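The values are calculated or read from the model by the stated rules, or taken from the named source; none is laboratory data. Keep in mind the model is a prediction, meaning the values are calculated, not measured. Quick reminder, even Gly has a Cβ in these numbers, built from the backbone with ideal geometry, and neighbours come from all protein chains shown. Please note that ligands, DNA and RNA were not included when accessible areas were found on the heavy atoms of the full protein model with its side chains. Shrake-Rupley method; radii C 1.70, N 1.55, O 1.52, S 1.80 Å.
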Amino acid sequence: MARPKKFDEVAGLQKAMNVFWKKGYAGTSISDLTASMDINAPSLYATYGDKHKLFVTALQTYIQSQHDWMRQAVSENKSVKEIIKFLLASLIDDTLEDPERRGCFMVNTVTEMANQDPQVFRIASDNETQVRTILAELIRKGQASAEISPDKDADVLASFLFINFMGIRVIAATNSDKKHLHNALDVIISVL
């Protein structure tokens, strides 16, 4: 008869995510994970698989939470430009308010691993496609309401915004001038 698990798998995954987010994949050891998750190595392996599987699960969980957040924001009854500005401003504010200035888990992962790990590359590529799809749908909504010029290509604008989303997370991790970062948002919105 198997012994019952004495820890919360979801909470453990969140703790693992935080360690990977702070230290990166290469910088995280199994002992870092077991210490933060308050479990032993055999329990970690039995529950989550090896370090790479745990990392991928944590990354996918993070990405899903970001997509859910974006979809929630996009569903709000606000103007399209207000929604886009909210999304960008939230990325800045979340990064600046994080005392550890970890930046974006996805951006950190891409810069560390995407050119070395085919699975991470596929996850990053899929994330970009999903985010650009959400943004393109939002832009098309703005074009239908005449808030955004219908002469502009919605897919190109979505790519432009995605690039700015990623760039803002990188810059906000190293630049604490909130006013400067928020002023840049006006320029981004003006392109729409």
Fill in the blank from the handout: Per the filter on region 142-169, residues assigned to a helix (DSSP H, G or I) and touching a Lys or Arg at 6+ places or on another chain (Cβ under 9 Å) are 142, 143, 154, 155, 158, 159, 161, 162
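Taking residue 22, is it part of a helix (DSSP H, G or I), touching a residue at least 12 places away in the same chain (Cβ under 8 Å) and open to solvent by 50 Å² or more (accessible area, probe 1.4 Å)?
On the way: part of a helix (DSSP H, G or I): yes; touching a residue at least 12 places away in the same chain (Cβ under 8 Å): yes; open to solvent by 50 Å² or more (accessible area, probe 1.4 Å): yes.
Against the criterion (part of a helix (DSSP H, G or I), touching a residue at least 12 places away in the same chain (Cβ under 8 Å) and open to solvent by 50 Å² or more (accessible area, probe 1.4 Å)), residue 22 qualifies.
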Practice task
Residues being under 11 Å from residue 138 (Cα atoms) and open to solvent by less than 80 Å² (accessible area, probe 1.4 Å): count how many of those fall in region 64-74.
Solution key: 3
Problem - Among the residues listed as 61, 34, 47, the single one being free of Cβ contacts under 8 Å to residues at least 12 places away in the same chain and over 24 Å from residue 145 (Cα atoms) - result: 34
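Can you find a residue that is surrounded by fewer than 19 Cβ atoms within 10 Å (Cβ to Cβ), modelled with pLDDT of 95 or more and under 21 Å from the mean Cα position of the chain (by Cα) anywhere in region 4-11?
Residues of region 4-11 that are surrounded by fewer than 19 Cβ atoms within 10 Å (Cβ to Cβ), as a first pass: 4-11.
Checking which are modelled with pLDDT of 95 or more leaves us with none.
No; the residues of region 4-11 include none that is surrounded by fewer than 19 Cβ atoms within 10 Å (Cβ to Cβ), modelled with pLDDT of 95 or more and under 21 Å from the mean Cα position of the chain (by Cα).
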Practice task
From the list 146, 114, pick out the single residue that is under 28 Å from residue 78 (Cα atoms), without any contact (Cβ under 8 Å) to a residue 60 or more places away in the chain and of a type in the set (Gly, Ala, Ser).
Solution key: 146
Problem - Identity of the residue in region 101-134, within 29 Å of residue 177 (Cβ to Cβ) and of a type in the set (S, T, N, Q), that ends up most open to solvent (accessible area, probe 1.4 Å) - result: 111
Problem - Members of region 37-54 that are surrounded by 16 or more Cβ atoms within 10 Å (Cβ to Cβ) and at pLDDT 95 or above - result: 51, 54
Handout entry: Within region 162-175, tally of residues that are open to solvent by 40 Å² or more (accessible area, probe 1.4 Å) and touching a Leu at 6+ places or on another chain (Cβ under 6 Å)
Key = 0
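For region 86-98, state whether one or more residues are open to solvent by 40 Å² or more (accessible area, probe 1.4 Å), at negative phi, in a helix (DSSP H, G or I) and modelled with pLDDT under 95. Steps first, answer last, please.
Filtering region 86-98 down to residues open to solvent by 40 Å² or more (accessible area, probe 1.4 Å) leaves 86, 94, 97.
Narrowing further to those that are at negative phi: 86, 94, 97.
Then drop every residue that is not in a helix (DSSP H, G or I), which leaves 86, 94, 97.
Add one more test, that the residue is modelled with pLDDT under 95, and what stays is 94, 97.
Taking every residue of region 86-98 in turn, at least one turns out to be open to solvent by 40 Å² or more (accessible area, probe 1.4 Å), at negative phi, in a helix (DSSP H, G or I) and modelled with pLDDT under 95.
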Handout entry: Members of region 135-161 that are closer than 22 Å to residue 64 by Cβ and either charged (D, E, K, R) or surrounded by fewer than 19 Cβ atoms within 10 Å (Cβ to Cβ) (or both)
Key = 137, 159
Completion exercise
When restricted to 57, 61, 34, the only residue β-branched (Val, Ile, Thr), farther than 30 Å from residue 161 by Cβ and outside any loop (DSSP other than H, G, I, E, B) is 34
